[in-house]
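Participant: Have a look at the structure that comes next, please.
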Amino acid sequence: MEKKRLASALWYCEHGLNVIPLAPGAKVPPKDFNWSKYQTLRSTSADIYRWIKQFPNMNIGIVTGKISDLFVIDLDKYKEGYNEDEVLQYIPDDFLTPTVITPRDGRHLWCKNPEQPISGSEATGKITGVDIRGEGNYIVAPPSVNGTGSAYAFVPGAHIKELERVEAPARFLMFLSINNKEYVDTIDNKYNLYARGGSKNSENDAEISRQKTTKTTNVDNVYKSGQRDEDLFHLANSLVKNRCHPEFIQKTLEIVAKSCEPPFSSEEAQAKIRSAVERANRRERNIMAEVREDVLSTRGIFLSTEQAKRLHLSSRQELKNQSICLRRLEKNEGLIIRHGNRDGSWRTVDKDEEIIDYKNVDLTPYQIKIPLGVQDLVTIHKGNIIVVAGESNAGKTAMLMNIALDNCIYHPVNYLSCEMQNGAELRIRMNKFNVPIDSWEPIKFQFRTDNFPDKICPDGLNIVDYLDEGSEAEAYRMPTRLREIADKLRTGIAVVSIQKDPKKIYGLGGSGTLNRSRLYMTITGENVLTIVKGKIWQSETMNPNGLSCRFTLAAGCVFKKNGDWRRQYDQNS
């Protein structure tokens, strides 16, 4: 877990979030640590490495406000008196920004920092269960844990790596800044602003911003000269969106048109009403087109609730229309089918044809040398992925560095390490090989903790040391991550190491990690290497699958085979 916190802290730091240490299992900084100076002083990766050693198992804090461009809305849903309906008046349920689930099932909404600084004290007592973290504050960040070991975690689909931060809802910021709920309600009564389920990008946001800028002066100018047309449209749009009866809409608009200053004439009123209703109707969404376009841009399994969030569908009628559209895409167009037993779970039908060109294929094996002579048993081809699943301290990195050094004269080597960032550990490991330091020059070493596919060289020898999901609970993602790496390859290959539990056969992620690999090896702490899967045999008479051999690792870098390859190696023999 500590490695995962380190990787997360470094990622936050790399992406402009100002990291500070918090005491293990707590929300407060360690004793005697002066966090306040980091409101203006930016922490570095070197600071993070130092704090990890100084405060083992530390939690991660992020300073909010201008220095991190971070403003957090804290929804303590567990607090007595928390009222969801009241909160929805200011934060619509379709508001989408990176979101964290707290150990007590609260929510932290990570937003961009407002132009005008806001501190946490400005929300105190205004809405029960709603706090903010802005200037002069900090927030606990995932994957920190509380005193009981429960973790902070991003909501699936709303991870900070997947979703950009957006500005907090304008109406919420306005409420905080003007400290006048009656004024906000007055605006609601005039414009029907932020009706539940309204779009975060709607006209309402623009109107709220305008109201915030001009304060009460615009309330006095409603339906007056210079603003009458636009106000009449806002009213028509609200009535149409709420699906009022056409005669009711007509009568309401007639009354308002005659009450404007100056009032519209009867002919003008009818023309303005027709125009307003037509404009409002044009704004009504073509949900079928939007749902179909979203499906065509989606691959694999998706949930209708996730799609609704992407398309900002929130009203009961919109969700009903979405359900009808999805059934039509299933029955009439065959674009999707239902997936599993969960309601609203769909899978896209892949209609793309990827014709396999077996006539012009390159059958030349990929030239590679692997410790213990594994290449003499299994043939590797271009585009293959090799997995090395090893127990802790069993020699995974030593094997990968041997592969890099032994093959850099044949292929461009792209070495991605998630641990050796500052170069000291890497240089120490290099020195053990007893070769001139220039021997490593052809190898491109890069520090990388995540998003490995982005750094894969499609035509080179790629080495990933190592791929880690951090916990068994998230290990299910490992097969997908291996597939994403394999999909980036053309004429190159990838050698990927993953962690292995001594009590289990396969590496973290289970048997699913076998799927895309063409060579899958395990290494135990007892110095036994096993070829779990070798897809293409070097010899038709020698099946490499299940073969094991003992080895010694001299000086921490030289692999020496002890004895012959055997099946189901008896570790006690």
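The values are calculated or read from the model by the stated rules, or taken from the named source; none is laboratory data. This is a predicted model, so every value here is computed, not measured. Glycine gets a Cβ as well: all are built from the backbone with ideal geometry, and neighbour counts include every protein chain shown.
Participant: Of these, ILE73, ILE52, ILE62, which one is under 15 Å from PRO29 (Cα atoms), crowded, with 24+ Cβ neighbours inside 10 Å and in the same structural domain as ALA141 (by TED's automatic domain parsing)? Give the derivation first.
Facilitator: Values: ILE73 fails: under 15 Å from PRO29 (Cα atoms); ILE52 fails: crowded, with 24+ Cβ neighbours inside 10 Å.
On inspection, the qualifying residue turns out to be ILE62.
Participant: While we're on this one: Return only the number of the condition from (1) closer than 23 Å to ASN451 by Cβ; (2) surrounded by fewer than 19 Cβ atoms within 10 Å (Cβ to Cβ) that SER68 does not satisfy.
Facilitator: Answer for SER68: the failing condition is (2).
Participant: Could you list, in sequence order, all residues of the stretch 5-47 that are hydroxyl-bearing (Ser, Thr, Tyr) and under 25 Å from ARG104 (Cα atoms)?
Facilitator: Residues of the stretch 5-47 hydroxyl-bearing (Ser, Thr, Tyr): 8, 12, 36, 38, 40, 43-45.
Those that are hydroxyl-bearing (Ser, Thr, Tyr) and under 25 Å from ARG104 (Cα atoms): SER8, TYR12.
Participant: Out of the residues in the stretch 145-176 that are small (Gly, Ala, Ser) and in contact with a helix residue (DSSP H, G or I) (Cβ under 7 Å, 6 or more places away or on another chain), state the one that is surrounded by the fewest Cβ atoms within 10 Å (Cβ to Cβ).
Facilitator: Out of the qualifying residues, it is GLY157.
Participant: Can you list the strands (runs of 3 or more DSSP E) found entirely within the stretch 97-199 that contain at least 3 residues being assigned by TED's automatic domain parsing to the domain that holds ASN18 and modelled with pLDDT under 90? If you could, list the steps in order and put the result at the bottom.
Facilitator: On the way: elements: 99-101, 107-111, 130-133, 138-141.
No strands (runs of 3 or more DSSP E) qualify here.
Participant: If you check every pair at least six apart or on different chains, which have Cβ atoms under 6 Å apart with a residue in the stretch 161-176 that is free of Cβ contacts under 8 Å to residues at least 12 places away in the same chain first and a residue that is of a type in the set (Asp, Glu) and surrounded by 20 or more Cβ atoms within 10 Å (Cβ to Cβ) second?
Facilitator: none
Participant: Checking the structure you have, find out if any residue of the stretch 25-35 is under 25 Å from GLY147 (Cβ atoms) and among the aromatic types (Phe, Trp, Tyr). Can you show your working first?
Facilitator: Kept after step one, since they are under 25 Å from GLY147 (Cβ atoms), are these residues of the stretch 25-35: 25-35.
Now restrict to residues that are among the aromatic types (Phe, Trp, Tyr): 33, 35.
Yes, because at least one residue in the stretch 25-35 is under 25 Å from GLY147 (Cβ atoms) and among the aromatic types (Phe, Trp, Tyr).
Participant: So how many residues does the stretch 493-521 have that are part of a strand (DSSP E or B) and of a type in the set (Val, Ile, Thr)?
Facilitator: Initially, the stretch 493-521 is screened for residues part of a strand (DSSP E or B), giving 493-500, 507, 519-521.
The next check asks that each one be of a type in the set (Val, Ile, Thr); those that pass are 493, 495-496, 498.
Qualifying residue count for the region: 4.
Participant: Suppose we keep only residues that are of a type in the set (A, V, I, L, M) and either over 22 Å from VAL155 (Cβ atoms) or in the same structural domain as THR480 (by TED's automatic domain parsing) (or both) within the stretch 296-343. Which one would you say is farthest from the chain's Cα centre (by Cα)? Spell out the reasoning first.
Facilitator: Here is the first cut: in the stretch 296-343, the ones of a type in the set (A, V, I, L, M) are 296, 301, 303, 308, 311, 313, 319, 324, 326, 329, 335-337.
Next, only the ones that are either over 22 Å from VAL155 (Cβ atoms) or in the same structural domain as THR480 (by TED's automatic domain parsing) (or both) stay: 296, 324, 326, 329, 335-337.
On the way: LEU296: 21, ILE324: 30, LEU326: 26, LEU329: 28, LEU335: 26, ILE336: 25, ILE337: 26 Å.
Among those residues, the one meeting the criterion is ILE324.
Participant: Still on this structure, please answer the following. For the stretch 459-482, name all the residues that are at pLDDT 90 or above and part of a helix (DSSP H, G or I).
Facilitator: If the condition is that a residue be at pLDDT 90 or above and part of a helix (DSSP H, G or I), then LEU482 is the only one that fits.
Participant: Please go through (1) in a helix (DSSP H, G or I); (2) farther than 30 Å from LEU400 by Cα for GLU354 and return the number of the only condition it doesn't satisfy.
Facilitator: For GLU354, the failing item is (1).
Participant: Also: For the stretch 413-436, which positions are touching a Gly at 6+ places or on another chain (Cβ under 7 Å) and loosely packed, with under 15 Cβ neighbours inside 10 Å? Steps first, please.
Facilitator: Keep residues of the stretch 413-436 that are touching a Gly at 6+ places or on another chain (Cβ under 7 Å), which gives 413-414, 432.
Listed by number, the list holds a single entry, LYS432.
Participant: Related question: When the residues of the stretch 337-354 are filtered to those that are out of contact with any Gly (no Cβ under 8 Å at 6 or more places or on another chain) and touching a residue at least 40 places away in the same chain (Cβ under 8 Å), which remaining residue is farthest from LEU96 (Cα to Cα)?
Facilitator: Checking each candidate, the answer is ASP350.
Participant: Within the stretch 419-433, identify whether any single residue is in a loop (DSSP other than H, G, I, E, B) and modelled with pLDDT of 90 or more, and answer yes or no. Walk me through how you get there before you give the answer.
Facilitator: So the first thing to find is which residues in the stretch 419-433 are in a loop (DSSP other than H, G, I, E, B), and the list is 419-423, 432-433.
When the remaining residues are screened for being modelled with pLDDT of 90 or more, the result is 432-433.
Among the residues of the stretch 419-433, at least one is in a loop (DSSP other than H, G, I, E, B) and modelled with pLDDT of 90 or more, which makes the answer yes.
Participant: Here is a further query. If you scan the stretch 85-96, which residues turn out to be of a type in the set (D, E, K, R) and assigned to a helix (DSSP H, G or I)? Even if it seems obvious, please write down each step before you answer.
Facilitator: Narrowing the stretch 85-96 to residues of a type in the set (D, E, K, R): 85-86, 93-94.
Those that are of a type in the set (D, E, K, R) and assigned to a helix (DSSP H, G or I): ASP85, GLU86.
Participant: Oh, and also: Considering every residue within the stretch 42-62, establish whether at least one is within 21 Å of GLY157 (Cβ to Cβ), part of a helix (DSSP H, G or I) and either at pLDDT 95 or above or of a type outside the set (Phe, Trp, Tyr) (or both).
Facilitator: No, that holds for no residue.
Participant: Another question, then. Need pairs with beta-carbon distance below 8 Å; first residue in a helix (DSSP H, G or I) and within the stretch 324-336, second modelled with pLDDT of 85 or more and among the polar types (S, T, N, Q); sequence gap 6+ or separate chains.
Facilitator: That search, which allows pairs on different chains as well, returns LEU326/SER304.
Participant: Further question: Can you run down the residue pairs with Cβ atoms below 6 Å, 6 or more apart or on separate chains, where the first is in the stretch 7-34 and under 11 Å from PHE55 (Cβ atoms) and the partner is crowded, with 18+ Cβ neighbours inside 10 Å and small (Gly, Ala, Ser)?
Facilitator: Hits for this filter: ILE20/GLY61; LEU22/GLY61.
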